[in-house]
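Trainee: Pasting a structure here, questions to come.
Only the coordinates and a few stated rules stand behind these numbers; no lab work does. Nothing here was measured: the structure is a model prediction, and the numbers come from that model. All Cβ positions, glycine included, derive from the backbone under ideal geometry; neighbour counts span all protein chains shown.
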Amino acid sequence: MTVLQIRAWPDPVLSSPATPVTDPSEVADLVRDMLDTMYAAPGRGLAAPQVGVLARVFVMDTTWKEGTRDPLVCLNPEIIALSDEMATRTEGCLSIRGLSLDVTRPAWVDLGWTDMKGVRHQRRFDGFAAACVQHEYDHLDGRVTFDRVDPEARAAALATYETNLETPR
């Protein structure tokens, strides 16, 4: 079990787009470590840039805290379709500790991705899973939750985040 260091915003890697994975075997160790890191955090999703690797990889497991682990590994994910209906959910981020923001996103998303065996998949995610997919996908494009709220909410959230960083724990 290897738990990786999770990069904290404003680390520049979190604002950088990730590059495609050409061979799943090249990221096998990274994926195992990302899953260990996500569960230890404890989070429900983790993207490679959050551990300092600019590869288009994310892992997620939206229901493990309520039952059995059921991890999903997505290599080179692509959003194929998005709902016109929008949903607002409170999102936390392992790279922005201690702060949750209300983020409005499409209510469902159709995602295509490659698994660790090189097999291509497509599936519709809705509810919390849709928000998680979109959140992790954003990390692959160099976006964080601060980038998904209006300027006023962003300014207030940044002020709170910076105050939290300055406050000794």
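Trainee: For the range 1-84, state which chymotrypsin sites (Phe, Trp or Tyr not before Pro) are in a DSSP loop and have at most 13 other beta carbons lying within 10 Å of their beta carbon.
Mentor: Here no chymotrypsin sites (Phe, Trp or Tyr not before Pro) fit, given the DSSP loop and packing criteria.
Trainee: Once phi is turned into θ = phi - 60°, what whole-Hz ³J(HN,Hα) does the Karplus curve with 6.51, -1.76 and 1.60 give for every residue of the range 144-160, x standing for Gly and Pro?
Mentor: Karplus-based 3J(HN,Hα) across the range 144-160 equals 10, 4, 4, 7, 10, 10, 5, x, 5, 5, 4, 4, 5, 5, 4, 5, 5 Hz.
Trainee: Could you tell me what percent of the DSSP beta bridges with both partners in the chain are antiparallel, to the nearest 5?
Mentor: 95 percent
Trainee: Could you check the simple spin-label distance between Asp115 and Ala81, using points 7 Å along Cα→Cβ, in nm with one decimal?
Mentor: Here the modelled spin labels are 2.3 nm apart.
Trainee: Which whole-Hz couplings ³J(HN,Hα) result when phi for each residue of the range 31-48 is put into the Karplus expression 6.51 cos²θ - 1.76 cosθ + 1.60, θ = phi - 60°, listed in order with x for Gly and Pro?
Mentor: 4, 4, 5, 5, 5, 4, 5, 4, 5, 6, 4, x, x, 10, x, 7, 9, 3
Trainee: Please state the equivalent ellipsoid semi-axes for the chain: what are the square roots of 5 times the Cα gyration tensor eigenvalues, largest first, in whole Å?
Mentor: After diagonalising the Cα gyration tensor, the semi-axes are 24, 20, 15 Å.
Trainee: While we're here: Label point 7 Å out from Glu162 along Cα-to-Cβ: which residues of the range 66-97 have amide N under 13 Å?
Mentor: none
Trainee: I want the local charge near Trp113. Using Cβ-Cβ distances under 10 Å, sum +1 for each Lys or Arg and -1 for each Asp or Glu among the other residues.
Mentor: Neighbour charge sum, excluding Trp113 itself: +1.
Trainee: Can you tell me which of 103-111, 115-123 comes out highest on packing, and rank the rest after it, using the mean Cβ neighbours within 10 Å?
Mentor: The densest-packed peptide leads the list: 103-111, 115-123.
Trainee: If you don't mind, another one. Could you point to the residue in Pro106, Leu158, His135 farthest towards the positive end of the chain's charge dipole, with +1 and -1 charges on the Cβ of Lys/Arg and Asp/Glu respectively?
Mentor: Sorting the options by dipole projection puts first His135.
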